[in-house]
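The numbers here are math on the coordinates, done by the rules we state, and not lab data. Computed from a predicted model, the values in this text were never measured in an experiment. Cβ coordinates were reconstructed from backbone atoms using ideal geometry, including for glycine residues, and neighbour counts include every protein chain displayed.
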Amino acid sequence: MKNFPWTESRFVQFRAEFFNLPNNVNFGLPNAFLCDGGCGEGTITSLAAGSRPRQIQFGLKIYF
């Protein structure tokens, strides 16, 4: 957050918010199905529930 003075009683505020900044990956559970011919037993093909990629949000406010 950074405030920039405009006049004596007014200013502009710039904000930057980061969510999951290091971009950690949360993998889902491995495939538990068994079959003949190599169906991908034990492979991980999804992300965990509620897992989100990196997000950056910018905002600008004018206080008067």
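Just tell me the longest site-free run in the chain, where the sites are trypsin sites (Lys or Arg not before Pro) in a DSSP loop having at most 16 other beta-carbon atoms within 10 Å. Let's see the in-between values first.
Numbers: sites that count: ARG10, ARG54.
In the chain, the maximal stretch lacking such sites is 11-53.
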field: Most fluctuating residue given options ALA16, ALA32, ALA48, as computed from a GNM of the chain linking Cα atoms under 10 Å
entry: ALA32
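Taking the stretch 2-63, how much of its Cα-Cα pair set, in percent, is spaced more than 15 angstrom apart? Each step should come with its number before you reach the end.
Details: 1297 of 1891 pairs.
Percent of Cα pairs beyond 15 Å in the stretch 2-63: 69.
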